[in-house]
Each structure stands twice: as structure tokens, then as C-alpha cells.
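The values are calculated or read from the model by the stated rules, or taken from the named source; none is laboratory data. A quick note: this is a predicted structure, and the numbers were derived from the prediction, not measured. Counting neighbours? That spans all protein chains shown, and the Cβs are built from the backbone with ideal geometry, glycine included. The accessibility values were calculated without ligands, DNA or RNA, using every heavy atom of the protein model including side chains. Shrake-Rupley method; radii C 1.70, N 1.55, O 1.52, S 1.80 Å.
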Amino acid sequence: MLVLIEVGARKISCGLRVSSFAPDRGKMDDRNLSVLMLTPEAAPFARTGGLGDVTGSLPAALRTRGLKTSVIMPYYRCVRESGVNAPVIVDGLSIPLGVPGLDASVRKAETPDEVDVYFVEREDLYDRPNLYGSPAGDYYDNLERFSFFCHAALKTAIALDLRPDIIHCHDWQASLAAPLLAGPYRNAQSLSKSRCVFTIHNIGYQGVFPAERLSVTGLPKETFFHTEGLEFWGGINLMKGGIVYSDVVTTVSPSYALEIQTPQFGMGLEGVLRKRSGSLKGILNGIDDRIWNPAVDPWIPAAYSRADMDRKIQCKRSLITSSGLECPLNRPVIGIVSRLDRQKGLDLVAEAANSLLELDVALVILGTGDREIQNRLEHTAARTPKRMSFTPAFNDELAHRIIAGSDIFLVPSLYEPCGLTQIYALKYGTVPVVRSVGGLEDTVIDAGDFPERGNGFKFKQHDVPSLLNAVQRAIKAFGQPRKWKKIAITAMDSDFSWNQSAEKYLELYHAMAD
């Protein structure tokens, strides 16, 4: 039996021009938009990287602009253990996963920014040590876990009569909601006027499963399993479903929106994305400058701003000391905070580490991931402990200290949908050296090409010589204090807060209502 312990308020709907790909869900008649975000993670409750940062801060930025914004995510073990006050508001919510189905509970919390967060609770699916898998690989039942989540999210919206004007789904784990809205939930009264936005945060992770498991999704085979639906080389591709059945597709930078329509970056979905190019938009991620701001950061040794950048040297001195390095202050410290994987270019860093150290710099690296990359970095750090520090961990405080205390921040990604660490570095006056792809291309201006407005350095080819050349150009500029200070201040003046990005989402939502 379904028990409603608390019922949310009803919001009035509004209207949308639907693309030719998207199902017609009727007209809206008002501009007081409400947005419901479906995401597998959101800070501060659960996060593994940039996705969680974005879905943790974007709803608050929209809320300050007058939108009723709420979030639905799984109730993971880490959420429970965080002690967040989230009482059960719905119990016995029946989810059509298998026969006769499974029940879920729904909990509710409110952030300090007055964003409602709903948690889908099912102990056997989400009470686990990690969000998506273990070091051995993805959880074997991720299709069940996130199919259940998408059904439960839509059922929650119905049970609480939320009537969202926009349902905004993030990455493959939430992508099933788009075809569900086009099919099984099409006539649900509380959702019949809801429009669907699907955001691709990283096309490298698509949610691909064997065709024989389609029944888990709750989608009828004859309607959804075909080349214009979820079928992908004989299997199921949940991200493809999100792309095909949503009203609008977004991704997290303008350059990445173009790149993923090409074979080099599209990961097999470039043709599908080209068909949707008229409804595909790149909106650059923003950062929460209440958290990432050297003027107020509680985790760095000395607060500083563009007006008193001399205090940044205290952060550098502290980082050198705490990392056990021997590096004079007149030589640059290069920082890296990253997952250790090929996409992030850390295989390139492992290959280039010795050559980088020959440039008379100190190297400080924080990250976990690929075991082979980790072993190579550990070996180099053990051999040169006074020149290189490597911490194989996920540590927020150390990440802040590295970004504040480094002079140069290295992001050599093979591909990069948006990237947030280079934006954090800009905010802290730590000059980024990046490969010119995706969001790195959109946020960093090469100081060699544009001396008056340059805020970093870029390289094009994904190889060691190109990386080293860009780092050498940065080191040369570092040796010219006046020039370096100008680059660093220009970096700090770059505005990549949610001020601009949230406005673009707001424009998108309202355009959908025309």
C-alpha cells in the first residue's frame, strides 16, 4: 500500500515548442517554471566528480533566479552516513521492476538554498560502499539500479503531484526517464505537460547493456527497441534513449557539443547527435564561488584575492613543506588534481613525469583511478621524493591546497566535456596549461597568442612533446614576474561562476515554453 506522509506543493505548468524528434506532450500556459532534476549524484550528499558538483550547485543558482527547483537522487549509504535530516515522506511506492515489482521509500531534505532534494531509498540497490561500482568494475546490476531510480523518480513526481514543467535528466543513469516519459508515463496527469532536457556530461559512459535485459527498463520492445530507439549494435544504449526521446539535448560546453557530432569524439553516437543537432546545445558548466574562492576558502593557509595576490606565496610555501618537497620559491610548482585515467591524460603525465622534472619544477599530484598509471606515478615519486609528491586519494581539502599553492595547473585531457579543475585554477590565479579540447578550449585563452587577455597556455596534439612545449612556455612566462602576474590576474578576472551559465539554462527553459 502506498502511504503519503507529506505532499509537495503543486506548480502551474507552461508551454514548449517541441522538436520533430520529441513526443508532443501538450501545451503549457504559464511562465512560472518549475524544474525537477534527476541525477545519480549531487554535492554535498554524494559526488564522484564534476557531475556531482554541477548538480549540487546549478539548482541553487536557478532557485535564486526565481525557479522552483528540486532534485531527485538515490539514497546511497554515504548520504545516510552523512547524517542529513531526510525523513521518509512516501512509503511503499511500487516500482515496476520485475514481477510483481519492488517497493521504494522516498525521503526529503532541504538545502540551505531552499532546494528540495528527494532521495529514492531501496537498501539492496543503494546501500553500498560506492555509487557505481568497486575497483573491480561496475556493479553487475547497474541496469536494475538506475532503471529503478528513473521509474521511482517519475512515480515520486506523480505521488507528490509535483507537476514539473521541466524534467532535467543528467547523464546515462537518469536518461531512461526520457523514453519513459514518451511511453509508459505519457498519459500520467502530473507529467503530461512536462518537457524533458537531457544533459550529456560525458559521452564516454553510455549505459550499454545486452538486449535480452530490455524488460528491466519497463519499455515495450516493439515500441522502443529499434534503430531509431534504444537499439545500439544489437544491445541497449540508455544514453541513446535520452538523446532520441528528450525534447532538448544539452552538453556541458559549446566546443564539446560540436565535437561529439564527429567520429573522433562521438563514441559511436555521433550520427544520432547530428540528427538532433537542431535541438543540441552546449552550455558551459559554472562553479560555486562560495566554495571555490581563495578569498573565503577555509582549507587554504592564507586567504587572498586579486588585490593581494602576494599572500598566495604563503599557500605555495605551505604546499611545498607539507608535501616534503625541496623547491625554491622562485621555481614553479605544477599541480594536478584528477582521476587517473586516459581520458584525463594522466597516462601522458606518467610518461612525461621525468621530462617535466628535468625542467627544474616541483610536481604535486592528487588522484585515484587506473592502477597502471598509479604505479608509474608512485615509482617516479619514490625515486624523486624531493621533487615530486603523489597522493593516491580523493581528498577535497588537499585539492583546494594544491590548486591554491601551485603556480601552474596541468590538465592534459584526451577529451574534456567541460572540466572544472581548470576553472577552479583560474579562480585561484593558478595558471592552467591545458589541451585545447572541449571545455578546456572554451575557458582557457593562450597568453602566447593573446597577450592582453590570455589566462593560460594550450597545446593541440595529445603527445609528450606538445605537453612539454606548453609547460616550457608557461615556465618562461613565470620567469618574467610582471608578465606572470598579469596572466594570473587575468585568470582570476575570468567569470565562470553560475552567473552566466544559469542564465543560459533559464533562457533554454523559457525557450522551451514558447
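Carbon and sulfur: what percent of the chain's accessible surface (1.4 Å probe)? Percent of accessible area from carbon and sulfur atoms in the chain: 50.
Taking 1.306 mPa s as the viscosity and 10 °C as the temperature, the Stokes-Einstein diffusion coefficient of region 428-467 based on its alpha-carbon Kirkwood radius rounds to 154 µm²/s. Rounded to the nearest Hz, the phi-derived 3J(HN,Hα) couplings of region 249-255 under the Karplus curve 6.51 cos²θ - 1.76 cosθ + 1.60 (θ = phi - 60°) are 10, 10, 9, 9, 6, x, 5, where x marks glycine and proline. Look at the Cα gyration tensor of region 275-367: its axes a ≥ b ≥ c give a/c of at least 1.5 with a/b at or below b/c, and that counts as oblate. Entry comment: accessible area of region 138-254 is 29 Å² per residue, from protein heavy atoms only and a probe of 1.4 Å.
A simple packing score, the average count of other Cβ atoms within 10 Å per residue, orders the peptides 402-412, 432-442, 248-258 as 402-412, 432-442, 248-258, with the highest score first. Shape verdict for region 337-419, please, from the Cα gyration tensor: rounded (a/c under 1.5), prolate (a/b greater than b/c) or oblate. Judged from the Cα gyration tensor, region 337-419 comes out rounded (a/c under 1.5). Charged side chains reduced to their Cβ positions (Lys and Arg at +1, Asp and Glu at -1) give the chain a dipole of some 960 debye around its Cα centre. All Cα-Cα distances of the chain, cut into 20 Å bins from zero to the largest, leave 23, 53, 23, 1 percent in each bin in turn. To the nearest ten degrees, helix 481-493 and the longest principal axis of the Cα atoms of the chain are 10 degrees apart. For the set K386/K486; K460/K486; K240/K458; K386/K460; K155/K344; K275/K504, the pairs lying more than 28 angstrom apart at their alpha carbons are K386/K486; K240/K458; K386/K460; K155/K344.
Taking every DSSP beta bridge that has both ends in the chain, the antiparallel portion is near 30%. Shape class of region 107-189 from the Cα gyration tensor (axes a ≥ b ≥ c, square roots of the eigenvalues): oblate, since a/c reaches 1.5 or more and a/b does not exceed b/c. The long axis of helix 50-63 is offset from the longest Cα principal axis of the chain by roughly 70 degrees.
Accessible surface computed residue by residue for region 265-419, with neighbouring protein chains in place and a 1.4 Å probe, gives 41 Å² per residue. A simple count of charges around V411, restricted to other residues whose Cβ falls under 11 Å of its Cβ and scoring Lys, Arg +1 and Asp, Glu -1, yields +2. Its DSSP H runs of at least 4 residues, each contributing -39,500 (n - 2.57), put the calculated 222 nm mean residue ellipticity of the chain at -10000 deg cm²/dmol, to the nearest 500.
Would you work out which of G241, V444, G454 lies farthest towards the positive end of the dipole of the chain, given +1 charges on the beta-carbon of Lys and Arg and -1 on that of Asp and Glu, about the Cα centre? So the residue we want is G454.
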